[in-house]
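Everything on this sheet refers to the single structure shown next.
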Amino acid sequence: MGETISLQEIIKIIKKRLVLIIALTVIGCAVAAGISFYAITPIYDAQTQILVNQKGNADQVYSLQSNNTDLSLINTYQVIITSPVILTPVLESLDLDKTTGQLAQQISVFSKTDSKVVNIRVEDPNPAVAVDISNTVAEVFKENIPQLMSIDNISILSAAKLSENPSSVKPNKMMNIAIGAVIGVMLGIGLTFLIEYLDMSIKSERDVEDYLELPVIGMVDLIKEENQKRFSLIPRKARRG
């Protein structure tokens, strides 16, 4: 292959090995689909929403300062929810064969900006277990937080529910298949140019000039079989005459 290569030559090389590129693309999609559907354990999620307010009385006037204090404590609630104080009773209640550290890795606690609504999200290979953990964590938090902090106004806004046909959140099958296709295309194109680079056979007059550094003074085309027969009959007719 010469030192420089034009866009037309690149397209020509790709067209010549198009079957190889397509085959590797299909293989990449098939492998990614097989891994996504059969090798990776699907993960399901469940989410419970709770509302947390500071302790107060009926005569207390709700102020902007108290609201800001509630919002500043959201991070504290997040730490408490994933602490052994909350997770140990959850494990005992659901009889789960896990440690508090393992369970904490399945739980994510977050809230939207300027919102006192805390979302408890749980991921688990079993959708029913994910629902049970999410709801139990919310209930245990509601029962124990008054003893830990001056808070007794906790409401569960939305409990997690098990749907009839739960859909997994991991793995993203379509994304994995798309990645497999891209990898297949890249491997196909890379292998195509590698084969072309390693192919040192002479296929054109330009190859003679590039590889052998010799000038081309003439070319001999291939004669098709029907032309060979036609040319071979001409001398015989001439001799009969």
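Looking only at residues of the range 109-143 that are in a helix (DSSP H, G or I) and among the β-branched types (Val, Ile, Thr), we find that the one that is surrounded by the fewest Cβ atoms within 10 Å (Cβ to Cβ) is VAL129. The sole residue among GLN106, GLN102 that is farther than 26 Å from ASN153 by Cα and open to solvent by 70 Å² or more (accessible area, probe 1.4 Å) is GLN102.
Does ASP97 count as without any contact (Cβ under 8 Å) to a residue 24 or more places away in the chain and either open to solvent by less than 70 Å² (accessible area, probe 1.4 Å) or not in a strand (DSSP E or B) (or both)? Yes. Taking the range 53-83 as the search range and keeping residues that are at pLDDT 65 or above, open to solvent by less than 50 Å² (accessible area, probe 1.4 Å) and within 35 Å of the chain's Cα centre (by Cα), which one is farthest from ASN119 (Cα to Cα)? The residue in question is SER83. For beta carbons closer than 8 Å, sequence separation of 6+ or different chains, a first residue in the range 116-129 that is over 14 Å from LEU162 (Cα atoms) and of a type in the set (A, V, I, L, M) and a second that is in a loop (DSSP other than H, G, I, E, B) and open to solvent by 30 Å² or more (accessible area, probe 1.4 Å), the qualifying pairs are VAL117/SER111; VAL118/SER111.
Scanning the range 84-94 for residues that are small (Gly, Ala, Ser) and loosely packed, with under 14 Cβ neighbours inside 10 Å yields nothing. Checking each residue of the range 144-164 against the condition of being within 17 Å of the chain's Cα centre (by Cα), loosely packed, with under 15 Cβ neighbours inside 10 Å, closer than 30 Å to LEU51 by Cβ and not hydroxyl-bearing (Ser, Thr, Tyr) gives no match.
Conditions (1) out of contact with any helix residue (DSSP H, G or I) (no Cβ under 6 Å at 6 or more places or on another chain); (2) loosely packed, with under 15 Cβ neighbours inside 10 Å; (3) part of a helix (DSSP H, G or I), marked per residue:
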position: ILE5; (1), (2), (3): yes, yes, no
position: ILE13; (1), (2), (3): no, no, yes
position: LEU20; (1), (2), (3): no, no, yes
position: VAL26; (1), (2), (3): yes, yes, yes
position: ALA33; (1), (2), (3): no, no, yes
position: SER36; (1), (2), (3): no, no, yes
position: THR41; (1), (2), (3): yes, yes, no
position: ALA46; (1), (2), (3): no, no, no
position: GLN49; (1), (2), (3): yes, no, no
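The values are calculated or read from the model by the stated rules, or taken from the named source; none is laboratory data. Note that the coordinates shown come from a computational prediction; the quantities given were computed from them, not determined experimentally. Every residue, glycine as well, gets a Cβ built from its backbone with ideal geometry; the counts of neighbours run over all protein chains shown. Side chains are part of the model used for accessible areas, which takes the heavy atoms of the whole protein and leaves out ligands, DNA and RNA. Shrake-Rupley method; radii C 1.70, N 1.55, O 1.52, S 1.80 Å.
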